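Undergrad: Just dropping this structure here.
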Amino acid sequence: MKKTEADPPHPPSRPTTRLVTGGRDAAANHGFVNPPVYHASTVLYPTVADFIARRARYLYGRRGTPTSEALENALRELEGPACAGVALLPSGLAAISTALIALLGAGDHLLVTDSVYQPTRKFCDGVLKRYGITTTYYDPLIGSDIARLFQPNTRAVFVEAPGSLTFEVQDVPAIAQVAHARGALVLMDNTWASPLYFRAFDKGVDLAVQAATKYIGGHSDVMLGTVSANAATWQRLRDTVHALGLCAGPDDIYLALRGLRTLGVRLAQHHRSGLKIANWLAARPEIARVLHPALESCPGHAVWRRDFSGASGLFSIIFKPVPQAAVHAFVDELALFGIGVSWGGFESLAIPFDCAGARSATEWTPGRPAVRLHVGLEDVDDLIGDLERGFAALAAARG
Ligand SMILES: Cc1ncc(COP(=O)(O)O)c(C=O)c1O
């Protein structure tokens with residue numbers, strides 16, 4: 001048999017191989033390695049009888065195309081056999097809100113980590129509340145003690161590990177065990193580690209979200225979200241996506257599929273460079289603390305060592321007491337670290353942040369001023385040189 005006549009059978013493989021092989025169907029694409037970008041709404045049926053019986057592989061652009069299927073299949077293969085299906089949404093935040101809507105209804109109660117991505121909190125406190133769903137925030141380091149926060153109507157727990165900006169690593173298996181024992185489901189924002197470095201379904205997660213805008217896209221040129229579901233949640237997720245009429249643009253889907261193929265090598269480099277810079281920063285006299293899950297100084301580091309197989313390039317640093325203006329001078333001086341939200345692209349970024357007022361269940365104590373860094377794919381020694389110039393500007397501004 002020629003390799004292009006049918007999907008070549010793949011031997012069992014590791015996740016980094018599945019990144020390359022997943023979702024490919026050269027036979028359906030005239031032998032081309034990649035699928036075309038289908039810009040599509042109407043699908044034509046050969047006869048009225050076919051139309052009435054909906055006898056067609058594809059029904060309508062919103063309901064899927066060969067392009068969207070290729071990415072969904074690739075992600076499903078990457079997530080592993082417990083993944084029953086993947087939905088594509090127009091952004092990471094849309095993936096989070098859709099996953100929550102899929103599982104919850106009026107009168108339900110939800111538990112959410114206090115370290116959650118702020119717009120997720122806003123969605124819970126705004127839209128979900130308006131629809132009669134209540135949220136209780138919990139300490140990200142709570143572990144199995146989360147049992148005491150369950151109410152008779154608690155239907156779901158939302159975890160994010162590590163936490164946004166502050167990087168506490170949650171004990172997802174312990175939380176999932178408690179949740180499942182009480183009949184609740186577990187949703188996770190797994191964007192930081194991606195399915196490569198955190199195997200969400202093996203750790204008890206039922207719905208795993210990726211802001212594919214970040215590492216999967218990898219080039220700061222796409223907005224996309226994905227939700228991977230297990231057998232317990234897939235039907236509800238799929239029905240909700242269809243009912244809401246959600247779909248993602250074909251060019252964005254294609255760019256995410258293209259990014260996925262190189263996720264393994266990019267993440268490995270983000271891991272290496274990020275860790276080198278995190279250790280370098282930890283030894284600087286200006287820095288009080290580095291919040292990088294692979295460093296002992298990060299809350300939940302032992303859990304990271306147990307449950308994660310790598311780190312991405314995103315972490316935070318806490319300065320020793322210094323005027324905020326001096327930290328702004330530090331960031332302004334950086335030439336290779338741009339100033340901007342999002343992360344996961346090839347480029348380095350730095351933003352000042354302050355968690356005061358952002359928490360409701362815990363007090364965030366590491367202190368301030370704080371800066372979040374995304375270590376990109378530039379030469380790591382050039383990045384260190386850039387940071388050195390930043391520290392010189394900090395010293396000059398401090399006077
Ligand atoms: C942890 C996390 N989850 C979700 C999102 C949302 O992704 P998007 O910007 O694609 O909506 C972000 C964006 O910054 C994020 O940092």
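The values are calculated or read from the model by the stated rules, or taken from the named source; none is laboratory data. Owing to the predicted nature of the structure, the values given are computational and were not obtained by experimental measurement. When we count neighbours, we look across all protein chains shown, and the Cβ atoms used for this are built from the backbone with ideal geometry, even at glycine. Side chains are part of the model used for accessible areas, which takes the heavy atoms of the whole protein and leaves out ligands, DNA and RNA. Shrake-Rupley method; radii C 1.70, N 1.55, O 1.52, S 1.80 Å.
Undergrad: In the stretch 108-129, how many are open to solvent by 40 Å² or more (accessible area, probe 1.4 Å) and away from the ligand (no atom under 13 Å from the Cβ)?
TA: Of the residues in that region, 3 qualify.
Undergrad: Right, something else. So, in the stretch 251-298, of the ones that are assigned to a helix (DSSP H, G or I) and of a type in the set (Val, Ile, Thr), which residue ends up most open to solvent (accessible area, probe 1.4 Å)?
TA: Selected residue: 265.
Undergrad: For residue 148, indicate whether it is more than 18 Å from residue 304 (Cβ to Cβ), over 14 Å from the mean Cα position of the chain (by Cα), part of a strand (DSSP E or B) and more than 12 Å from the ligand (Cβ to nearest atom).
TA: no
Undergrad: While we're here: For residue 357, which of the numbered conditions (1) buried (at least 16 other Cβ atoms within 10 Å of the Cβ); (2) free of Cβ contacts under 8 Å to residues at least 24 places away in the same chain; (3) of a type outside the set (D, E, K, R) fails to hold?
TA: Against the list (1) buried (at least 16 other Cβ atoms within 10 Å of the Cβ); (2) free of Cβ contacts under 8 Å to residues at least 24 places away in the same chain; (3) of a type outside the set (D, E, K, R), residue 357 comes up short only on (1).
Undergrad: Please give the number of the condition residue 165 fails out of (1) more than 13 Å from the ligand (Cβ to nearest atom); (2) at positive phi.
TA: All conditions pass for residue 165, except number (1).
Undergrad: Another question about this same structure. Let me confirm something: among 303, 331, 341, 322, which residue is more than 16 Å from the ligand (Cβ to nearest atom) and closer than 22 Å to residue 193 by Cβ?
TA: Values: 331 fails: closer than 22 Å to residue 193 by Cβ; 341 fails: more than 16 Å from the ligand (Cβ to nearest atom); 322 fails: closer than 22 Å to residue 193 by Cβ.
Sole residue among the options that is more than 16 Å from the ligand (Cβ to nearest atom) and closer than 22 Å to residue 193 by Cβ: 303.
Yes/no per residue for (1) part of a helix (DSSP H, G or I); (2) of a type outside the set (Ser, Thr, Tyr); (3) more than 24 Å from residue 166 (Cα to Cα):
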{"site": "74", "(1), (2), (3)": "yes, yes, yes"}
{"site": "88", "(1), (2), (3)": "no, yes, yes"}
{"site": "93", "(1), (2), (3)": "yes, yes, no"}
{"site": "106", "(1), (2), (3)": "no, yes, yes"}
{"site": "110", "(1), (2), (3)": "no, yes, no"}
{"site": "116", "(1), (2), (3)": "no, yes, no"}
{"site": "128", "(1), (2), (3)": "yes, yes, yes"}
{"site": "135", "(1), (2), (3)": "no, no, no"}
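Undergrad: Another question, then. Taking residue 222 as meeting all but one of (1) touching a residue at least 40 places away in the same chain (Cβ under 8 Å); (2) in a loop (DSSP other than H, G, I, E, B); (3) of a type in the set (A, V, I, L, M, F, W, C), write down the number of the exception.
TA: It is condition (1) that residue 222 fails.
Each row is one residue, and each column tells you yes or no for (1) open to solvent by less than 40 Å² (accessible area, probe 1.4 Å); (2) within 27 Å of the chain's Cα centre (by Cα).
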residue: 26; (1), (2): yes, no
residue: 39; (1), (2): no, yes
residue: 47; (1), (2): no, no
residue: 55; (1), (2): no, no
residue: 68; (1), (2): yes, yes
residue: 79; (1), (2): yes, yes
residue: 83; (1), (2): yes, yes
residue: 91; (1), (2): yes, yes
